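Reviewing the structure listed below.
Derivation of every value follows stated rules applied to the coordinates shown; laboratory data play no part. What you are looking at is a predicted structure, and each value in this text was computed from that prediction instead of being measured. Positions of Cβ are backbone-derived with ideal geometry, glycine not excepted, and every protein chain shown enters the neighbour counts.
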Amino acid sequence: QVTLKESGPGILQPSQTLSLTCSFSGFSLSTYGMCVGWIRQSSGKGLEWLANIWWNDDKYYNPSLKNRLTISKDTSNNQAFLKITNMDTADTATYYCARDTMGILMDAWGQGASVTVSS
Amino acid sequence: DVVLTQTPSTLSATIGQSVSISCRSSQSLLDSAGNTYLYWYLQRPGQSPQLLIYLVSNLGSGVPNRFSGSGSGTDFTLKISGVEAEDLGVYYCMQATHAPLTFGSGTKLEIK
């Protein structure tokens, strides 16, 4: 059974850096074709894809967030990470991680981590 | 970025009724290798999204066969043949042919 769970600070101030962790089980990010992605959803709004990282360490980012995103992984501990610099109130959202495989994207999602940016 | 336009934005159905949701893309989602990376997800109230359909018409694991997907190029459809109470929520289409991945704005299904 594939499970994912996000963890984060909950609340942070504008200009701070957000650090999120996705802890997963049921698959390995060292296995060919596996990938973990990050998606966010603002309150009452739709879904926005942020980034993903593949088993071979290939990384892809949404250009709309310019150079604010950094994605990484710890294969040994079954974790993936996302950092977003210079957080703003507009970044307040629920952040999800999801598993991707080649051809079948986002076939399992975490429960989401709520992040509020407020001074 | 590719814009996915979903219609209708809200849908009201009775149990057992068949309904369809349209997803239109601003660009063709057929890639040079002949693949079409169009997906459908359902987000039930208070829950995370879940995969329903991948690569236009393939049913996700454990998804009931009352769900079906079709389409090509820029026009795609999700059909529910016989709505059940558990189908209420917001349906999203998503494309992964063109970077960055983008989602439609969602279709909310209400049960009468």
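In this rough spin-label picture, where each label sits 7 Å from Cα along the Cβ direction, the A:SER7-A:SER19 distance is 1.2 nm. Once backbone amide H atoms are built at 1.01 Å from N, A:GLY112 has A:GLU6, A:CYS97 as its partners under 5 Å, excluding neighbours fewer than 5 places away on the same chain.
Each DSSP beta bridge with both residues in chain B is either parallel or antiparallel, and the antiparallel ones are about 90%. Restricting the calculation to Cα atoms, every distinct pair contributes to the Kirkwood radius of segment B:28-89, found to be 12.5 Å. A cut-off of 5 Å between modelled amide H atoms, ignoring neighbours fewer than 5 places along the same chain, links B:LEU55 with B:LEU38. Per the Debye formula on identical point scatterers at the alpha carbon atoms of chain B, with no solvent, log10 I(q)/I(0) at q = 0.18, 0.21 Å⁻¹ is -0.82, -1.11. Based on the reciprocal of the average 1/r between different C-alpha atoms, the Kirkwood radius for segment A:41-90 equals 12.4 Å.
Other residues whose C-beta falls under 14 angstrom from the C-beta of B:ALA13 contribute a net charge of 0, scoring Lys and Arg +1 and Asp and Glu -1.
Computed 3J(HN,Hα) for segment A:50-67, one whole-Hz value per residue from the Karplus formula 6.51 cos²θ - 1.76 cosθ + 1.60 where θ = phi - 60°, is 10, 6, 8, 9, 9, 4, 8, 6, 5, 10, 9, 10, 7, x, 5, 9, 6, 9, glycine and proline marked x. For segment B:23-112, the set of GluC sites (Glu not before Pro) satisfying both a DSSP loop assignment and a count of at most 16 other C-beta atoms within 10 Å is given as B:GLU84.
Label reach from A:ASN86 (point 7 Å along Cα→C-beta): in segment A:11-38, amide nitrogens under 18 Å belong to A:13-19. Considering only A:THR94, A:TRP55, A:LEU4, and ranking their Cα positions along the charge dipole of chain A that arises from unit charges at the beta-carbon of Lys, Arg, Asp and Glu, the one farthest toward the positive end is A:THR94.
Work through the residues other than B:GLY71 whose Cβ is under 13 Å from its Cβ and net out their charges, Lys, Arg +1 and Asp, Glu -1.
Local charge sum for B:GLY71: +1.
With a cut-off of 13 Å on the backbone N, the residues of segment B:10-43 near the modelled label site 7 Å out from B:SER105 along Cα-Cβ are B:10, B:24.
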